[in-house]
1. Divide the volume of the convex hull of the Cα atoms of the chain by its number of residues and quote the answer in cubic angstrom per residue.
2. Are there any trypsin sites (Lys or Arg not before Pro) in the stretch 1-61 that are in a DSSP loop and have at most 13 other Cβ atoms within 10 Å? List them by number.
3. Pop out the ³J(HN,Hα) list for the stretch 22-32 in order, Karplus 6.51 cos²θ - 1.76 cosθ + 1.60 with θ = phi - 60°, rounded to Hz; leave Gly and Pro as x.
4. Considering only DSSP beta bridges where both residues belong to the stretch 2-71, give the percentage that are antiparallel (nearest 5).
5. For the stretch 16-73, which GluC sites (Glu not before Pro) are both in a DSSP coil and crowded by at most 14 other Cβ atoms within 10 Å?
6. Among the listed pairs Lys11/Lys55; Lys9/Lys73; Lys38/Lys73, which are separated by more than 30 Å between their Cα atoms?
7. Sort Ile54, Ile2 by Cβ crowding within 10 Å, fewest neighbours at the top.
8. Order these by the 10 Å Cβ neighbour count, fewest first: Trp23, Trp66.
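Just so it is clear, none of the values below were taken in a lab; they were calculated from the coordinates. All figures in this text were calculated on a predicted structure; none of them were measured in a lab. Here the Cβ positions follow ideal geometry from the backbone for every residue, glycine too, while neighbour counts run over all protein chains shown.
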Amino acid sequence: MIGEIVSEKMKKTRVVKAHIIRWHPKYHKQHAIDKRYKAHDEKEEYHVGDIVEIKEMRPMSREKRWKIIRKVK
């Protein structure tokens with residue numbers, strides 16, 4: 001999944017906002033959804049505004065279940 005980092009206020013954690021386009025099951029039209037995921041960043045090398053790729057992993061805390069793989073832009 002690809003998203004943009006919107007917050008870096010926590011240690012080793014970044015908040016990534018992913019823009020997802022889905023089909024509505026009843027009306028058969030596309031609609032956009034913005035979801036925010038807490039992702040692990042061990043070295044704290046990614047910052048606000050970076051476009052990154054994240055993948056799901058085992059839970060590290062109550063809300064943190066994603067890990068940043070690489071920087072796209």
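1. On the way: hull volume 7.2 nm³, N = 73.
Dividing the Cα hull volume of the chain by its residue count gives 99 Å³.
2. Numbers: sites: Lys9, Lys11, Lys12, Arg14, Lys17, Arg22, Lys26, Lys29, Lys35, Arg36, Lys38, Lys43, Lys55; in loops: Lys11, Lys12, Lys26, Lys29, Lys43.
For trypsin sites (Lys or Arg not before Pro) across the stretch 1-61 that sit outside H, G, I, E and B with at most 13 neighbouring Cβ atoms in 10 Å, the list reads Lys11, Lys12, Lys26, Lys29, Lys43.
3. 10, 8, 6, x, 8, 8, 6, 10, 7, 9, 9
4. Given both bridge residues lie in the stretch 2-71, the antiparallel proportion sits at roughly 90 percent.
5. Those that pass, being in a loop and sparsely packed, are Glu42, Glu44, Glu45, Glu63.
6. Values: Lys11/Lys55 19 Å; Lys9/Lys73 21 Å; Lys38/Lys73 19 Å.
As for pairs spanning more than 30 Å Cα to Cα, there are none.
7. Going from sparsest to densest Cβ surroundings: Ile2, Ile54.
8. Neighbour counts put them in this order, fewest first: Trp23, Trp66.
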